[in-house]
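Engineer: Starting off with a structure, shown below.
No lab work stands behind these numbers, since they all come straight from the coordinates. Please read all numbers here as calculations on a predicted model, not as lab measurements. Methodologically, a virtual Cβ is constructed for each residue, glycine included, from the backbone with ideal geometry; neighbour enumeration extends over all protein chains shown.
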Amino acid sequence: MTDFNEFLIDQLKDESFQKEYMNESLSEYIEDGNFNAFFRSLENVIKSRDTISGFCKKAGIDRALLYDIFAGKRVPKIDTLAKIMKTLGYSLKIA
């Protein structure tokens with residue numbers, strides 16, 4: 001892990017920073033369609049809270065599936081995205 005990644009993971013332990021980070025990431029995804037960047041942001045938030053394995057157990061998601069999503073090998077179904085967001089305590093709203 002790079003020094004910047006370590007710094008970012010540490011900053012993401014703050015919930016208000018996390019929410020701003022994810023809101024910005026979602027806005028960028030809507031603008032540029034870069035799904036992989038959005039999921040790297042989710043990965044960083046997850047790592048700031050727990051291990052990937054621990055998170056997957058809480059969310060009821062297969063760890064290999066989540067790693068494939070983070071690697072850009074798979075695009076998650078809406079129910080998988082919903083599980084991730086719910087486990088993180090987030091919601092999506094149409095405004």
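Engineer: Of all residues in region 82-93, which are surrounded by fewer than 16 Cβ atoms within 10 Å (Cβ to Cβ), in a helix (DSSP H, G or I) and of a type outside the set (Lys, Arg)?
Structural biologist: Ala82, Met85
Engineer: Turning to a different aspect of this structure: Applying the selection to region 48-81, what residues are out of contact with any Pro (no Cβ under 8 Å at 6 or more places or on another chain), of a type in the set (Val, Ile, Thr) and either in a helix (DSSP H, G or I) or surrounded by 15 or more Cβ atoms within 10 Å (Cβ to Cβ) (or both)?
Structural biologist: Residues satisfying the conditions are Ile52, Ile61, Ile78, Thr80.
Yes or no, residue by residue, for (1) exposed (fewer than 14 other Cβ atoms within 10 Å of the Cβ); (2) closer than 20 Å to Lys86 by Cβ:
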{"site": "Asp3", "(1), (2)": "yes, no"}
{"site": "Glu6", "(1), (2)": "yes, no"}
{"site": "Ile9", "(1), (2)": "no, no"}
{"site": "Ser16", "(1), (2)": "yes, yes"}
{"site": "Asn23", "(1), (2)": "yes, yes"}
{"site": "Ser27", "(1), (2)": "yes, no"}
{"site": "Gly33", "(1), (2)": "yes, no"}
{"site": "Phe38", "(1), (2)": "no, yes"}
{"site": "Ser41", "(1), (2)": "no, yes"}
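Engineer: Among the residues of region 10-29, is any assigned to a loop (DSSP other than H, G, I, E, B) and of a type in the set (Gly, Ala, Ser)?
Structural biologist: Checked region 10-29: no residue is assigned to a loop (DSSP other than H, G, I, E, B) and of a type in the set (Gly, Ala, Ser).
Engineer: Would you pick out the residues in region 37-61 that are more than 17 Å from Glu6 (Cα to Cα) and out of contact with any helix residue (DSSP H, G or I) (no Cβ under 7 Å at 6 or more places or on another chain)?
Structural biologist: The answer is Gly54, Lys57.
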